[in-house]
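Below is one structure, written out as C-alpha cells, with a few remarks after it.
The values are calculated or read from the model by the stated rules, or taken from the named source; none is laboratory data. What you see is a predicted model, and the numbers here were worked out from it, not measured in a lab. Neighbour counts run over all protein chains shown; Cβ positions are idealised from the backbone, glycine included. Note: accessible area is taken over every heavy atom of the protein model, side chains too, but ligands, DNA and RNA are not part of it. Shrake-Rupley method; radii C 1.70, N 1.55, O 1.52, S 1.80 Å.
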Amino acid sequence: MPSTHLRQSILTKAKSLVVKMGTQLVTGKDGRLDLDYLAGIASQVAQLRQRGIDVTVVSSRALGA
C-alpha cells in the first residue's frame, strides 16, 4: 500500500490529532509571522473540529514568533 494511501486511511479514522508547528512554518521569508498561513491552519483546524476531531496545536517554542 503506498504511503499516501496508508496515511489517508489512518487519518480518516482519527479521533484526535496533534499538529506541531515550528518557527519555520509560522514565519515568512521576512522573519515575521505569516498571518495568511496561520489563518489557513486555523481554518483547517476549524473544519476538523466541525467533523468531531479533537485537534491540539503545539509549537516547539516557535522562537521566531
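Observations, loosely collected:
- Accessible area of the chain belonging to carbon and sulfur atoms, whole % at 1.4 Å probe: 54 percent
- The chain, relative contact order in percent, only Cα pairs under 8 angstrom and at least six apart counted: 49 percent
- Less than 5 angstrom separates the built amide H of SER59 from those of MET21, all sequence-distant by 5 or more or on a different chain.
- Reachable aspartates and glutamates from LYS15, criterion Cα separation under 16 angstrom, eight or more residues apart if same chain: ASP54
- In the chain, the calculated helix contribution to ellipticity at 222 nm averages -14000 deg cm²/dmol per residue, counting -39,500 (n - 2.57) for every DSSP H run with n ≥ 4.
- THR27 long-range amide H proximity, modeled H, under 5 Å: ASP34
- Using θ = phi - 60° in the Karplus curve 6.51 cos²θ - 1.76 cosθ + 1.60, the 3J(HN,Hα) couplings for the range 45-56 round to 4, 4, 5, 5, 4, 5, 7, x, 9, 6, 10, 10 Hz; x is entered for Gly and Pro.
- All other residues whose Cβ lies under 14 angstrom from that of VAL55 are scored, Lys and Arg at +1 and Asp and Glu at -1, for a net of +3.
- For the chain, the Stokes-Einstein estimate of translational diffusion at 10 °C and a viscosity of 1.306 mPa s comes to 120 µm²/s, using the Kirkwood hydrodynamic radius over alpha-carbon pairs.
- Per residue accessible area of the chain, 1.4 Å probe, in Å²: 81 Å²
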